[in-house]
Amino acid sequence: MPEIIAPQRETSPVNAPACADLFPIREVARLTGVNPVTLRAWERRYGLIQPTRTESGHRLYSRNDIDTVHRILDWIERGVAVSKVARILARGERFGEPGAVSEAALQWRQWQRQLRMAISAFDDRQLDLLYGQLCCDYPLPIVFQDILMPLWQELLRHQGRFGQASEWLFFDSFLRSRAAQRLQAAAAVPGPRVLVAAIAGECRELELLVAGLLMAADKLAVKLLGVGQPFDELTLVCEKTKPQALVLFSNRAPSSDLPQRLKRLALTLNCPLLLAGDAADLAQESLAGSSIGCLGNEGQLMQRRLQLFLSGSLDT
């Protein structure tokens, strides 16, 4: 039986009224653009969603379930087969049991609500104030990976109504400027330097900036190459700059030829080659036994793996 692939989603935000924040399947289909047949298949065949049931057997979906549907769609749009999404979602679960919401997560959502108010008002001063408070209260990986980037992704999805595209552009521009400022300061650290480049067309500029920022450490400077860097000129750049390592970043499912392209590139470099982003987790098996290290896509893990690899303590 062929895999069921979701149709193109609608971009309406989740704001429809429902009893106790539970939504019937037809409303979920309207909000996400995924038809009821596909929603049922994702539940039965892959266990991706686990809605509650009424006494009469009708499915009711929570807001967390709807968020999960959007995450599934994000992965499908990145080229990941729906049959592989369950494992990815399970690996990325941060709050214990599936569906559970920690006190920290509730606090992060409160921050996101305040940020959304500033964004909807295009109030850069208030947005900057909130950003500064976040950076004082939380470590940088939490600020970006758990609070700012999920909101950025949500706004990116919901651009169907008048004004919403402008809101996302406003927030994206703000985050790019703040991430670039921090990364510029981190790049000034004396000592070894790591080059980070995006695989062309496989991430947005902000995603690359945040990845570089989260890889940086006190004694390790990170230098980003521009988005659109030609793959076949990476060897030339490394010959001239002599980095301690080259990290390629991608947030899409790796193409079938990517492992071979990376292995060929590694043979031409005068430094180690590493892969980061969602593609690193998805390509890890196909790169096993090669000289290419996979850093993953979680901030603290990327930084720790990078340091271990450079010290020779991390096996590929």
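Just so you know, all these numbers are worked out from the coordinates, no wet-lab data involved. All figures in this text were calculated on a predicted structure; none of them were measured in a lab. Counting neighbours? That spans all protein chains shown, and the Cβs are built from the backbone with ideal geometry, glycine included.
Computed values, structure above
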| quantity | calculated |
| --- | --- |
| log10 of Debye I(q)/I(0), alpha-carbon scatterers only, for the chain at 0.08, 0.13, 0.15, 0.16 Å⁻¹ | -0.40, -1.04, -1.31, -1.43 |
| Spatially proximal lysines relative to LYS223 (Cα-Cα < 22 Å; intrachain offsets below 8 disregarded) | LYS240, LYS242 |
| Relative intensity, log₁₀ I(q)/I(0), of region 179-250 from a Debye sum that treats every alpha carbon as a point, q = 0.18, 0.25 Å⁻¹ | -0.63, -1.16 |
| Calculated FRET efficiency for the pair GLN133/THR54, C-beta based, R₀ 35 Å, to 0.05 | 0.25 |
| Low-density loop positions, GluC sites (Glu not before Pro), region 202-234 - DSSP coil, at most 11 other Cβ in 10 Å | none |
| Inter-label distance, nm, simple model (7 Å from Cα along the C-beta direction), ARG176/ALA188 | 2.3 |
| Compactness of region 19-91 - radius of gyration and Dmax, Cα, Å | 12.0, 38 |
| Residue range of the chain that is longest and free of trypsin sites (Lys or Arg not before Pro) which are both DSSP loop and sparsely packed (at most 13 other C-beta within 10 Å) | 220-316 |
| Per principal axis, descending, Cα span of region 195-234 in whole Å | 30, 20, 10 |
| Percent of Cα pairs exceeding the 16 Å cut-off, where the set is region 189-310 | 55 |
| Folded to 0 to 90 degrees: helix 124-137 orientation relative to the chain principal axis, Cα | 70 |
| Length gained when the stretch MET117-LEU301 is fully extended (0.36 nm per residue, less Cα-Cα span) | 63.0 nm |
| Reciprocal mean inverse distance between Cα atoms of region 121-249 - Kirkwood radius, Å | 15.9 |
| All-pairs alpha carbon distance profile, region 264-316, 5 Å steps from 0, percent | 4, 21, 31, 28, 13, 2 |
| Region 103-182 - Debye-derived log10 I(q)/I(0), Cα point model, q = 0.17 Å⁻¹ | -0.62 |
| 0 to 90° range, to nearest 10: angle between helix 164-187 axis and the chain longest Cα axis | 30 |
| Ratio Rg/Rh, restricted to region 140-188 and using Cα atoms, in which Rh is the Kirkwood radius | 1.07 |
| Helix 82-91 vs. the chain, principal-axis angle (Cα, 0 to 90°, nearest 10) | 70 |
